[in-house]
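Data block below; observations after.
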Amino acid sequence: MRLALALFATLSTAVLPEPVLASADAALARVVAQRLRGDRTGACLAVAVVERGQVARAYQCADDRAPVRIGADSAFEIGSVSKTMTAALLADLIRQGNGSLEDPLSAWLPAGTKVPAYEGQPILLRHVVTHTSGLPALPPGLEPADPDDPYARLDAAALLASLGEVRLAAAPGSDFEYSNYASMLLSYAVARRAGSDLETLLARRLFAPLGMTGAYIEAKPAQVRAAVGHRPGAAVPAWHFATDLAGVGGVRATLEDMVRYAQAQLGWIEAPIVPALAATHAPLSEQPAMGMNWMRVPVNGRTTLMHEGGTGGFSSFVALDPERQRAVVILSDTSWTATGGLGSLGLHLVDPAFPLGKPRREVAAAPELLQALAGEYQLQGAMKMVLRPRDGRLYVQADGQAEQAMGHDDAGDFHALQVDAVLRPQRRADGSYGFVWSQMGAEIPAVRVDLQRAPPPVLSAQALEAYAGSYPLMPGFVLEVRGRDGRLHAQASGQGEFALDAVAPDAFEAPAYGIQIRFLRGADGGVRSLELHQAGQVLRGTRQ
(Lines give C-alpha, C1' and ligand atoms only; values in the text may rest on other atoms or scores of the structure.)
Protein backbone atom coordinates (compact mmCIF):
# COMPACT_ATOMS: atom_id res chain seq x y z
CA MET A 1 0.00 0.00 0.00
CA ARG A 2 1.36 3.43 -0.94
CA LEU A 3 0.73 6.36 1.37
CA ALA A 4 0.15 9.84 -0.01
CA LEU A 5 3.52 11.61 0.04
CA ALA A 6 3.99 14.54 2.38
CA LEU A 7 5.15 17.89 1.04
CA PHE A 8 8.86 17.69 0.34
CA ALA A 9 11.13 19.73 2.57
CA THR A 10 13.30 22.19 0.67
CA LEU A 11 16.95 23.00 1.16
CA SER A 12 17.74 26.68 1.36
CA THR A 13 21.10 27.39 -0.26
CA ALA A 14 22.66 30.17 -2.23
CA VAL A 15 22.06 29.95 -5.98
CA LEU A 16 25.40 29.52 -7.73
CA PRO A 17 26.16 30.71 -11.26
CA GLU A 18 25.99 27.82 -13.72
CA PRO A 19 29.69 28.07 -14.76
CA VAL A 20 30.71 27.47 -11.12
CA LEU A 21 28.61 24.31 -10.98
CA ALA A 22 29.94 23.14 -14.33
CA SER A 23 33.50 23.71 -13.13
CA ALA A 24 32.90 21.64 -9.99
CA ASP A 25 31.37 18.82 -12.04
CA ALA A 26 34.32 18.84 -14.43
CA ALA A 27 36.87 18.78 -11.61
CA LEU A 28 35.11 15.82 -9.99
CA ALA A 29 34.87 14.03 -13.34
CA ARG A 30 38.64 14.33 -13.79
CA VAL A 31 39.30 12.69 -10.42
CA VAL A 32 36.80 9.89 -11.05
CA ALA A 33 38.30 9.25 -14.50
CA GLN A 34 41.80 9.05 -13.03
CA ARG A 35 40.67 6.23 -10.74
CA LEU A 36 38.18 4.49 -13.06
CA ARG A 37 39.20 4.76 -16.72
CA GLY A 38 40.30 1.40 -18.05
CA ASP A 39 39.54 -0.47 -14.82
CA ARG A 40 38.99 -4.17 -15.45
CA THR A 41 35.72 -4.13 -13.49
CA GLY A 42 34.06 -2.26 -16.39
CA ALA A 43 32.04 -0.36 -13.76
CA CYS A 44 29.94 2.75 -14.19
CA LEU A 45 29.90 5.18 -11.26
CA ALA A 46 27.56 7.94 -10.13
CA VAL A 47 29.51 10.22 -7.77
CA ALA A 48 28.62 13.33 -5.79
CA VAL A 49 30.60 15.61 -3.51
CA VAL A 50 28.09 17.50 -1.37
CA GLU A 51 28.89 20.90 0.14
CA ARG A 52 26.57 23.53 1.52
CA GLY A 53 27.03 25.86 -1.42
CA GLN A 54 27.10 23.30 -4.22
CA VAL A 55 26.88 19.68 -5.27
CA ALA A 56 29.36 18.34 -7.81
CA ARG A 57 28.16 15.29 -9.75
CA ALA A 58 29.81 12.89 -12.19
CA TYR A 59 28.52 9.90 -14.17
CA GLN A 60 31.33 7.86 -15.74
CA CYS A 61 32.18 4.36 -16.95
CA ALA A 62 35.48 2.51 -16.99
CA ASP A 63 35.20 2.15 -20.76
CA ASP A 64 34.89 5.74 -21.94
CA ARG A 65 34.27 4.55 -25.51
CA ALA A 66 31.05 2.78 -24.54
CA PRO A 67 27.73 4.56 -23.88
CA VAL A 68 27.23 5.60 -20.26
CA ARG A 69 24.62 3.12 -19.06
CA ILE A 70 23.58 5.09 -15.97
CA GLY A 71 22.10 8.54 -15.43
CA ALA A 72 20.21 10.78 -13.05
CA ASP A 73 17.14 8.52 -13.26
CA SER A 74 19.05 5.30 -12.42
CA ALA A 75 18.19 3.63 -9.11
CA PHE A 76 21.07 1.59 -7.66
CA GLU A 77 21.03 -1.13 -5.04
CA ILE A 78 22.76 0.64 -2.15
CA GLY A 79 23.34 -2.56 -0.17
CA SER A 80 24.38 -2.15 3.45
CA VAL A 81 24.10 1.65 3.38
CA SER A 82 20.42 0.72 3.92
CA LYS A 83 21.43 -0.17 7.49
CA THR A 84 21.98 3.52 8.27
CA MET A 85 18.37 4.15 7.23
CA THR A 86 17.14 1.39 9.54
CA ALA A 87 19.17 3.01 12.31
CA ALA A 88 17.45 6.34 11.57
CA LEU A 89 14.02 4.71 11.88
CA LEU A 90 15.08 3.13 15.18
CA ALA A 91 16.36 6.47 16.50
CA ASP A 92 13.10 8.07 15.38
CA LEU A 93 11.05 5.53 17.37
CA ILE A 94 13.26 6.09 20.41
CA ARG A 95 12.79 9.88 20.16
CA GLN A 96 9.04 9.29 20.06
CA GLY A 97 9.29 7.41 23.36
CA ASN A 98 8.74 4.00 21.79
CA GLY A 99 11.85 2.31 23.12
CA SER A 100 15.48 2.61 24.13
CA LEU A 101 18.86 1.37 22.97
CA GLU A 102 19.02 -0.44 26.30
CA ASP A 103 15.98 -2.55 25.41
CA PRO A 104 16.63 -6.26 24.90
CA LEU A 105 16.22 -7.30 21.28
CA SER A 106 13.74 -9.89 22.51
CA ALA A 107 11.36 -7.12 23.66
CA TRP A 108 11.02 -5.96 20.06
CA LEU A 109 10.32 -9.45 18.68
CA PRO A 110 7.16 -11.58 18.97
CA ALA A 111 6.49 -13.10 22.38
CA GLY A 112 8.01 -16.55 22.70
CA THR A 113 10.86 -15.93 20.24
CA LYS A 114 13.93 -17.75 21.54
CA VAL A 115 16.68 -15.11 21.53
CA PRO A 116 20.10 -16.33 22.72
CA ALA A 117 21.80 -14.76 25.72
CA TYR A 118 25.21 -15.32 27.29
CA GLU A 119 25.17 -16.34 30.95
CA GLY A 120 22.01 -14.34 31.44
CA GLN A 121 23.27 -11.27 29.56
CA PRO A 122 20.79 -10.41 26.77
CA ILE A 123 21.41 -8.88 23.37
CA LEU A 124 20.45 -5.20 23.58
CA LEU A 125 19.53 -2.95 20.66
CA ARG A 126 22.78 -1.02 21.19
CA HIS A 127 24.66 -4.26 20.50
CA VAL A 128 22.77 -4.79 17.25
CA VAL A 129 23.52 -1.32 15.82
CA THR A 130 27.22 -1.61 16.74
CA HIS A 131 27.63 -5.19 15.43
CA THR A 132 28.55 -6.50 18.87
CA SER A 133 25.48 -8.72 19.37
CA GLY A 134 27.49 -11.93 19.10
CA LEU A 135 25.16 -13.19 16.37
CA PRO A 136 26.95 -14.66 13.35
CA ALA A 137 27.24 -12.91 10.00
CA LEU A 138 24.36 -14.92 8.50
CA PRO A 139 21.49 -17.02 9.87
CA PRO A 140 22.54 -20.59 10.59
CA GLY A 141 21.53 -22.94 7.83
CA LEU A 142 21.01 -20.21 5.23
CA GLU A 143 21.49 -22.09 1.99
CA PRO A 144 20.17 -19.94 -0.83
CA ALA A 145 18.42 -21.75 -3.65
CA ASP A 146 19.85 -19.12 -6.00
CA PRO A 147 23.34 -17.82 -5.12
CA ASP A 148 22.70 -14.85 -7.44
CA ASP A 149 19.74 -13.80 -5.22
CA PRO A 150 20.69 -15.23 -1.82
CA TYR A 151 18.06 -13.64 0.44
CA ALA A 152 15.03 -13.97 -1.83
CA ARG A 153 13.42 -16.94 -0.06
CA LEU A 154 14.25 -15.97 3.50
CA ASP A 155 11.16 -14.79 5.38
CA ALA A 156 10.58 -13.46 8.87
CA ALA A 157 9.31 -16.78 10.22
CA ALA A 158 12.47 -18.63 9.17
CA LEU A 159 14.67 -15.79 10.43
CA LEU A 160 13.08 -15.83 13.89
CA ALA A 161 13.11 -19.63 14.09
CA SER A 162 16.83 -19.70 13.33
CA LEU A 163 17.57 -17.85 16.59
CA GLY A 164 16.87 -21.07 18.45
CA GLU A 165 19.93 -22.62 16.83
CA VAL A 166 22.39 -19.92 17.97
CA ARG A 167 24.68 -20.11 20.99
CA LEU A 168 26.65 -16.99 21.88
CA ALA A 169 30.38 -17.50 22.44
CA ALA A 170 30.86 -14.31 24.46
CA ALA A 171 28.85 -11.64 26.23
CA PRO A 172 27.04 -9.22 23.90
CA GLY A 173 29.01 -6.02 23.59
CA SER A 174 32.40 -7.66 24.00
CA ASP A 175 33.38 -8.44 20.40
CA PHE A 176 32.79 -6.81 17.01
CA GLU A 177 31.45 -9.12 14.30
CA TYR A 178 29.65 -7.57 11.34
CA SER A 179 26.27 -9.30 11.22
CA ASN A 180 23.70 -9.12 8.45
CA TYR A 181 21.73 -11.59 10.56
CA ALA A 182 21.37 -9.13 13.43
CA SER A 183 20.56 -6.31 11.00
CA MET A 184 17.72 -8.31 9.41
CA LEU A 185 16.29 -8.91 12.86
CA LEU A 186 16.52 -5.19 13.59
CA SER A 187 14.81 -4.35 10.30
CA TYR A 188 11.93 -6.66 11.19
CA ALA A 189 11.79 -5.39 14.78
CA VAL A 190 11.65 -1.72 13.76
CA ALA A 191 8.80 -2.32 11.30
CA ARG A 192 6.93 -4.37 13.89
CA ARG A 193 7.32 -1.75 16.63
CA ALA A 194 6.17 0.99 14.23
CA GLY A 195 3.12 -1.03 13.20
CA SER A 196 3.94 -0.73 9.51
CA ASP A 197 5.66 -2.62 6.73
CA LEU A 198 9.19 -1.32 6.23
CA GLU A 199 8.68 0.14 2.76
CA THR A 200 5.71 2.24 3.89
CA LEU A 201 7.61 3.30 7.01
CA LEU A 202 10.64 4.41 4.99
CA ALA A 203 8.46 6.29 2.50
CA ARG A 204 6.48 8.06 5.22
CA ARG A 205 9.24 8.91 7.71
CA LEU A 206 12.38 9.23 5.53
CA PHE A 207 12.00 9.27 1.76
CA ALA A 208 9.07 11.66 1.35
CA PRO A 209 10.08 14.25 3.97
CA LEU A 210 13.63 14.41 2.58
CA GLY A 211 12.59 14.60 -1.06
CA MET A 212 14.07 11.19 -1.94
CA THR A 213 11.53 10.71 -4.73
CA GLY A 214 13.31 7.82 -6.45
CA ALA A 215 14.10 5.65 -3.40
CA TYR A 216 12.24 2.38 -2.84
CA ILE A 217 12.43 -1.29 -1.88
CA GLU A 218 10.00 -2.98 -4.29
CA ALA A 219 7.51 -0.24 -5.30
CA LYS A 220 9.56 1.48 -8.00
CA PRO A 221 8.47 5.07 -8.75
CA ALA A 222 7.47 5.57 -12.37
CA GLN A 223 10.09 8.23 -13.09
CA VAL A 224 13.13 6.04 -12.27
CA ARG A 225 14.67 3.02 -13.94
CA ALA A 226 16.32 0.20 -12.06
CA ALA A 227 19.99 0.11 -12.99
CA VAL A 228 21.27 -3.31 -14.09
CA GLY A 229 23.90 -4.74 -11.77
CA HIS A 230 27.12 -6.35 -12.91
CA ARG A 231 30.02 -8.36 -11.69
CA PRO A 232 33.18 -7.74 -13.67
CA GLY A 233 32.40 -8.84 -17.19
CA ALA A 234 28.72 -9.80 -16.92
CA ALA A 235 25.27 -8.56 -15.90
CA VAL A 236 23.74 -10.22 -12.82
CA PRO A 237 20.19 -10.48 -11.44
CA ALA A 238 18.86 -8.02 -8.88
CA TRP A 239 18.74 -8.98 -5.21
CA HIS A 240 15.38 -9.26 -3.42
CA PHE A 241 14.48 -9.25 0.26
CA ALA A 242 11.29 -9.86 2.19
CA THR A 243 10.03 -6.31 2.70
CA ASP A 244 10.41 -6.18 6.48
CA LEU A 245 13.94 -7.64 6.30
CA ALA A 246 15.10 -5.23 3.60
CA GLY A 247 16.60 -2.75 6.06
CA VAL A 248 19.71 -4.93 5.93
CA GLY A 249 20.48 -3.98 2.32
CA GLY A 250 17.39 -3.83 0.12
CA VAL A 251 16.96 -0.12 -0.63
CA ARG A 252 17.39 1.24 -4.17
CA ALA A 253 18.08 4.93 -4.70
CA THR A 254 19.27 7.41 -7.31
CA LEU A 255 22.30 9.62 -6.86
CA GLU A 256 20.00 12.59 -6.23
CA ASP A 257 18.18 10.62 -3.51
CA MET A 258 21.49 9.96 -1.77
CA VAL A 259 22.52 13.60 -2.12
CA ARG A 260 19.30 14.57 -0.30
CA TYR A 261 20.01 11.90 2.31
CA ALA A 262 23.52 13.27 2.89
CA GLN A 263 22.23 16.85 3.11
CA ALA A 264 19.71 15.80 5.75
CA GLN A 265 22.43 13.93 7.69
CA LEU A 266 24.38 17.20 7.80
CA GLY A 267 21.31 19.01 9.11
CA TRP A 268 20.56 21.14 6.05
CA ILE A 269 16.98 19.93 5.52
CA GLU A 270 14.13 20.62 7.91
CA ALA A 271 12.14 17.45 8.54
CA PRO A 272 10.91 15.54 11.61
CA ILE A 273 13.43 12.73 10.97
CA VAL A 274 16.51 15.02 11.04
CA PRO A 275 17.08 14.92 14.85
CA ALA A 276 16.97 11.12 14.63
CA LEU A 277 19.59 11.19 11.86
CA ALA A 278 21.85 13.25 14.11
CA ALA A 279 21.29 10.80 16.97
CA THR A 280 22.69 7.95 14.86
CA HIS A 281 26.07 9.73 14.70
CA ALA A 282 26.75 9.71 18.46
CA PRO A 283 29.51 7.33 19.63
CA LEU A 284 28.27 4.04 21.08
CA SER A 285 31.30 1.73 20.95
CA GLU A 286 35.06 2.09 20.70
CA GLN A 287 36.45 -1.09 19.08
CA PRO A 288 35.84 -0.19 16.35
CA ALA A 289 34.41 3.27 16.90
CA MET A 290 30.73 3.23 15.89
CA GLY A 291 27.53 5.19 16.12
CA MET A 292 24.23 3.57 15.15
CA ASN A 293 25.31 1.58 12.06
CA TRP A 294 27.83 4.31 11.14
CA MET A 295 31.57 3.69 11.34
CA ARG A 296 33.27 6.64 13.05
CA VAL A 297 36.57 6.95 11.18
CA PRO A 298 39.42 9.30 12.20
CA VAL A 299 40.49 11.52 9.30
CA ASN A 300 43.17 14.16 9.89
CA GLY A 301 41.98 14.91 13.42
CA ARG A 302 38.29 14.85 12.49
CA THR A 303 35.66 12.14 12.88
CA THR A 304 34.07 11.09 9.60
CA LEU A 305 31.01 8.85 9.45
CA MET A 306 31.18 6.16 6.78
CA HIS A 307 29.38 3.12 5.46
CA GLU A 308 29.96 0.97 2.40
CA GLY A 309 27.49 -1.37 0.75
CA GLY A 310 27.61 -4.20 -1.72
CA THR A 311 25.23 -6.67 -3.35
CA GLY A 312 25.82 -9.20 -6.10
CA GLY A 313 25.96 -6.49 -8.76
CA PHE A 314 26.36 -3.13 -7.00
CA SER A 315 28.64 -1.27 -4.59
CA SER A 316 28.13 1.97 -2.68
CA PHE A 317 30.00 4.36 -0.41
CA VAL A 318 28.72 7.20 1.76
CA ALA A 319 30.85 9.44 3.99
CA LEU A 320 29.80 12.39 6.13
CA ASP A 321 32.28 14.96 7.43
CA PRO A 322 30.22 17.04 9.89
CA GLU A 323 33.14 19.29 10.89
CA ARG A 324 33.79 20.33 7.29
CA GLN A 325 30.08 20.16 6.45
CA ARG A 326 30.81 17.92 3.49
CA ALA A 327 29.68 14.53 2.20
CA VAL A 328 30.70 12.03 -0.48
CA VAL A 329 28.40 9.58 -2.26
CA ILE A 330 29.50 6.89 -4.75
CA LEU A 331 27.11 4.44 -6.41
CA SER A 332 28.41 1.71 -8.72
CA ASP A 333 26.45 -0.55 -11.07
CA THR A 334 29.16 -3.19 -10.60
CA SER A 335 30.27 -5.08 -7.51
CA TRP A 336 33.65 -3.99 -6.15
CA THR A 337 33.36 -6.22 -3.08
CA ALA A 338 36.08 -8.68 -4.05
CA THR A 339 38.51 -5.91 -5.03
CA GLY A 340 38.20 -4.06 -1.72
CA GLY A 341 35.28 -1.74 -2.33
CA LEU A 342 35.12 1.90 -3.32
CA GLY A 343 37.23 3.10 -0.41
CA SER A 344 40.27 4.40 -2.29
CA LEU A 345 38.20 6.82 -4.38
CA GLY A 346 35.80 7.58 -1.52
CA LEU A 347 38.47 8.35 1.05
CA HIS A 348 40.40 10.48 -1.42
CA LEU A 349 37.28 12.56 -2.05
CA VAL A 350 36.78 12.87 1.71
CA ASP A 351 40.37 14.04 2.18
CA PRO A 352 43.03 14.30 -0.57
CA ALA A 353 45.65 13.11 1.93
CA PHE A 354 44.38 9.58 1.21
CA PRO A 355 45.88 8.09 -1.97
CA LEU A 356 43.46 7.93 -4.90
CA GLY A 357 44.61 4.59 -6.23
CA LYS A 358 44.65 3.67 -9.89
CA PRO A 359 42.63 1.51 -12.29
CA ARG A 360 43.21 -2.22 -12.24
CA ARG A 361 44.22 -3.41 -15.71
CA GLU A 362 44.58 -6.92 -17.08
CA VAL A 363 48.19 -8.12 -17.37
CA ALA A 364 49.80 -11.52 -17.75
CA ALA A 365 51.05 -13.16 -14.57
CA ALA A 366 54.75 -13.87 -14.30
CA PRO A 367 55.50 -17.55 -15.08
CA GLU A 368 57.54 -17.88 -11.87
CA LEU A 369 54.56 -16.66 -9.82
CA LEU A 370 52.27 -19.21 -11.46
CA GLN A 371 54.73 -22.00 -10.67
CA ALA A 372 55.20 -20.81 -7.08
CA LEU A 373 51.43 -20.83 -6.47
CA ALA A 374 50.88 -24.33 -7.83
CA GLY A 375 49.81 -26.66 -5.06
CA GLU A 376 47.08 -27.75 -2.65
CA TYR A 377 45.64 -25.26 -0.14
CA GLN A 378 43.23 -25.30 2.76
CA LEU A 379 40.86 -22.34 3.12
CA GLN A 380 40.33 -21.43 6.76
CA GLY A 381 37.07 -22.96 7.92
CA ALA A 382 36.16 -24.00 4.38
CA MET A 383 37.14 -26.32 1.55
CA LYS A 384 40.43 -27.25 -0.02
CA MET A 385 41.56 -25.73 -3.32
CA VAL A 386 44.07 -26.89 -5.89
CA LEU A 387 45.93 -24.28 -7.96
CA ARG A 388 47.38 -25.29 -11.34
CA PRO A 389 49.22 -23.19 -13.94
CA ARG A 390 48.48 -23.94 -17.60
CA ASP A 391 49.08 -22.04 -20.84
CA GLY A 392 50.15 -18.88 -19.00
CA ARG A 393 47.04 -18.79 -16.83
CA LEU A 394 46.14 -19.91 -13.28
CA TYR A 395 43.32 -22.44 -12.80
CA VAL A 396 41.55 -23.00 -9.49
CA GLN A 397 39.55 -26.05 -8.46
CA ALA A 398 37.70 -26.22 -5.15
CA ASP A 399 36.59 -29.55 -3.66
CA GLY A 400 33.62 -30.90 -5.55
CA GLN A 401 33.58 -28.06 -8.08
CA ALA A 402 34.63 -27.60 -11.66
CA GLU A 403 37.97 -26.03 -12.46
CA GLN A 404 37.80 -22.33 -13.31
CA ALA A 405 40.22 -20.01 -15.06
CA MET A 406 41.53 -16.88 -13.37
CA GLY A 407 42.50 -13.54 -14.89
CA HIS A 408 45.32 -11.40 -13.47
CA ASP A 409 45.61 -7.66 -12.98
CA ASP A 410 48.39 -5.17 -12.39
CA ALA A 411 47.52 -4.95 -8.68
CA GLY A 412 48.85 -8.50 -8.41
CA ASP A 413 45.48 -10.19 -7.89
CA PHE A 414 43.98 -13.12 -9.75
CA HIS A 415 40.24 -12.87 -10.40
CA ALA A 416 37.64 -15.47 -11.32
CA LEU A 417 36.08 -15.07 -14.74
CA GLN A 418 32.67 -16.57 -13.86
CA VAL A 419 32.05 -15.17 -10.35
CA ASP A 420 33.02 -12.04 -8.41
CA ALA A 421 35.96 -13.48 -6.50
CA VAL A 422 39.62 -12.58 -6.11
CA LEU A 423 42.65 -14.67 -5.20
CA ARG A 424 45.26 -12.44 -3.60
CA PRO A 425 48.71 -14.09 -3.36
CA GLN A 426 50.56 -13.68 -0.08
CA ARG A 427 54.30 -14.22 -0.29
CA ARG A 428 55.70 -15.45 3.01
CA ALA A 429 59.06 -14.43 4.39
CA ASP A 430 60.46 -17.87 3.55
CA GLY A 431 59.58 -17.38 -0.14
CA SER A 432 56.59 -19.73 -0.19
CA TYR A 433 53.03 -18.56 -0.92
CA GLY A 434 49.62 -18.60 0.61
CA PHE A 435 46.66 -16.53 -0.53
CA VAL A 436 43.48 -14.81 0.57
CA TRP A 437 40.27 -15.75 -1.25
CA SER A 438 37.86 -12.79 -1.36
CA GLN A 439 34.20 -13.39 -2.26
CA MET A 440 30.84 -11.91 -1.15
CA GLY A 441 32.56 -9.72 1.44
CA ALA A 442 34.42 -12.64 3.08
CA GLU A 443 38.22 -12.62 3.26
CA ILE A 444 39.31 -16.25 3.70
CA PRO A 445 43.01 -17.00 4.19
CA ALA A 446 44.44 -20.15 2.62
CA VAL A 447 47.64 -22.01 3.48
CA ARG A 448 49.58 -24.68 1.64
CA VAL A 449 48.87 -28.16 2.97
CA ASP A 450 51.32 -30.02 0.77
CA LEU A 451 54.26 -28.35 2.59
CA GLN A 452 55.29 -28.81 6.21
CA ARG A 453 56.06 -25.73 8.32
CA ALA A 454 57.32 -25.29 11.86
CA PRO A 455 55.03 -23.47 14.33
CA PRO A 456 55.83 -19.77 14.83
CA PRO A 457 58.41 -19.08 17.54
CA VAL A 458 57.60 -17.59 20.96
CA LEU A 459 59.59 -14.37 21.44
CA SER A 460 61.00 -12.97 24.66
CA ALA A 461 59.58 -9.81 26.19
CA GLN A 462 62.84 -8.02 25.33
CA ALA A 463 62.61 -9.05 21.67
CA LEU A 464 58.99 -7.91 21.47
CA GLU A 465 59.78 -4.56 23.08
CA ALA A 466 62.16 -3.79 20.22
CA TYR A 467 59.15 -3.46 17.89
CA ALA A 468 56.59 -1.86 20.23
CA GLY A 469 55.47 1.66 19.44
CA SER A 470 53.15 3.89 17.44
CA TYR A 471 53.50 3.96 13.65
CA PRO A 472 51.41 6.61 11.80
CA LEU A 473 50.48 5.14 8.40
CA MET A 474 48.24 7.95 7.12
CA PRO A 475 46.86 11.16 8.58
CA GLY A 476 44.79 10.18 11.60
CA PHE A 477 45.51 6.47 11.06
CA VAL A 478 48.06 4.98 13.46
CA LEU A 479 49.14 1.36 13.97
CA GLU A 480 49.91 0.59 17.62
CA VAL A 481 52.26 -2.36 18.10
CA ARG A 482 52.72 -4.06 21.46
CA GLY A 483 54.07 -7.35 22.79
CA ARG A 484 52.16 -9.84 24.93
CA ASP A 485 52.42 -13.54 25.72
CA GLY A 486 55.33 -14.16 23.36
CA ARG A 487 53.67 -12.57 20.31
CA LEU A 488 53.29 -9.15 18.78
CA HIS A 489 49.81 -7.61 18.62
CA ALA A 490 48.79 -4.68 16.44
CA GLN A 491 45.80 -2.35 16.44
CA ALA A 492 44.93 0.32 13.88
CA SER A 493 42.99 3.47 14.75
CA GLY A 494 39.33 2.63 15.33
CA GLN A 495 39.81 -1.10 14.72
CA GLY A 496 40.24 -4.26 16.75
CA GLU A 497 43.53 -5.77 17.84
CA PHE A 498 45.06 -8.68 15.91
CA ALA A 499 47.95 -11.04 16.66
CA LEU A 500 51.10 -11.35 14.54
CA ASP A 501 53.26 -14.44 14.03
CA ALA A 502 57.02 -14.15 13.58
CA VAL A 503 57.98 -15.71 10.24
CA ALA A 504 61.51 -14.35 9.70
CA PRO A 505 63.83 -11.77 11.27
CA ASP A 506 61.85 -8.50 11.49
CA ALA A 507 58.95 -10.04 9.53
CA PHE A 508 55.52 -10.88 10.96
CA GLU A 509 52.21 -12.09 9.54
CA ALA A 510 48.50 -12.08 10.40
CA PRO A 511 47.28 -14.75 7.94
CA ALA A 512 43.60 -14.33 8.81
CA TYR A 513 43.75 -10.75 7.53
CA GLY A 514 46.24 -11.22 4.71
CA ILE A 515 48.64 -8.83 6.49
CA GLN A 516 52.42 -8.87 6.46
CA ILE A 517 54.48 -6.41 8.50
CA ARG A 518 58.16 -5.84 7.89
CA PHE A 519 60.12 -3.77 10.39
CA LEU A 520 63.02 -1.68 9.10
CA ARG A 521 66.07 -0.81 11.20
CA GLY A 522 68.26 2.28 11.23
CA ALA A 523 72.03 2.60 11.18
CA ASP A 524 72.16 2.03 14.95
CA GLY A 525 70.35 -1.31 14.60
CA GLY A 526 67.14 -0.13 16.22
CA VAL A 527 63.68 -0.45 14.63
CA ARG A 528 62.83 2.86 12.95
CA SER A 529 59.80 2.14 10.76
CA LEU A 530 57.56 -0.55 9.33
CA GLU A 531 55.84 -1.54 6.09
CA LEU A 532 52.34 -2.98 6.24
CA HIS A 533 51.54 -5.11 3.18
CA GLN A 534 47.88 -5.97 2.52
CA ALA A 535 45.70 -6.44 -0.57
CA GLY A 536 48.52 -5.44 -2.89
CA GLN A 537 49.10 -2.12 -1.11
CA VAL A 538 51.96 -1.01 1.09
CA LEU A 539 51.59 1.53 3.91
CA ARG A 540 54.69 2.87 5.63
CA GLY A 541 55.04 4.41 9.06
CA THR A 542 57.92 5.82 11.10
CA ARG A 543 58.09 4.76 14.74
CA GLN A 544 57.17 7.41 17.28
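The values are calculated or read from the model by the stated rules, or taken from the named source; none is laboratory data. What you see is a predicted model; the values in this text were computed from it and never measured. Please note: Cβ atoms are built from the backbone with ideal geometry, for glycine as well, and neighbour counts cover all protein chains shown.
Per-structure values
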{"read-out": "Residue match in region 336-357 (condition: farther than 26 Å from GLY407 by Cβ and surrounded by fewer than 16 Cβ atoms within 10 Å (Cβ to Cβ))", "value": "yes"}
{"read-out": "Identity of the residue in region 282-300, of a type outside the set (A, V, I, L, M) and surrounded by fewer than 20 Cβ atoms within 10 Å (Cβ to Cβ), that ends up farthest from the chain's Cα centre (by Cα)", "value": "ASN300"}
{"read-out": "Some residue of region 266-275 being in a helix (DSSP H, G or I) and either buried (at least 18 other Cβ atoms within 10 Å of the Cβ) or at pLDDT 95 or above (or both)", "value": "yes"}
{"read-out": "Residue within region 246-254 that is without any contact (Cβ under 8 Å) to a residue 60 or more places away in the chain and assigned by TED's automatic domain parsing to the domain that holds LEU186 present", "value": "no"}
{"read-out": "Count of region 449-490 residues which are crowded, with 16+ Cβ neighbours inside 10 Å and of a type in the set (S, T, N, Q)", "value": "0"}
{"read-out": "Test: residue in region 100-123 that is under 30 Å from ASP39 (Cβ atoms), in the same structural domain as ILE273 (by TED's automatic domain parsing), surrounded by 16 or more Cβ atoms within 10 Å (Cβ to Cβ) and among the small types (Gly, Ala, Ser)", "value": "no"}
{"read-out": "Residue list for region 38-92, filter: assigned to a loop (DSSP other than H, G, I, E, B), closer than 22 Å to PRO275 by Cβ and of a type in the set (Gly, Ala, Ser)", "value": "none"}
{"read-out": "Region 15-37 residues that are modelled with pLDDT of 50 or more, paired with ones that are of a type in the set (A, V, I, L, M) and assigned to a loop (DSSP other than H, G, I, E, B) (beta carbon under 6 Å, 6 or more apart)", "value": "ARG35/LEU356; LEU36/ALA62"}
{"read-out": "Scope region 289-318; condition polar (S, T, N, Q), touching a strand residue (DSSP E or B) at 6+ places or on another chain (Cβ under 8 Å) and in a loop (DSSP other than H, G, I, E, B); matching residues", "value": "ASN293, THR311"}
{"read-out": "Candidate set from region 376-411 (those that are of a type in the set (Gly, Ala, Ser) and crowded, with 17+ Cβ neighbours inside 10 Å); member that is farthest from GLY340 (Cα to Cα)", "value": "GLY407"}
{"read-out": "Pair list, Cβ < 8 Å and 6+ apart or interchain, from region 519-530 residues that are over 16 Å from LEU488 (Cβ atoms) to residues that are in a strand (DSSP E or B)", "value": "GLY522/ARG528; ARG528/LEU520; ARG528/ARG521; ARG528/THR542"}
{"read-out": "Any hit, region 472-487, residues being touching an Asp or Glu at 6+ places or on another chain (Cβ under 8 Å) and closer than 24 Å to ASP148 by Cα", "value": "no"}
{"read-out": "GLU119 being over 19 Å from THR84 (Cα atoms) and either of a type in the set (A, V, I, L, M) or more than 19 Å from the chain's Cα centre (by Cα) (or both)", "value": "yes"}
{"read-out": "All positions within region 113-145 that are acidic (Asp, Glu) and touching a residue at least 40 places away in the same chain (Cβ under 8 Å)", "value": "GLU119"}
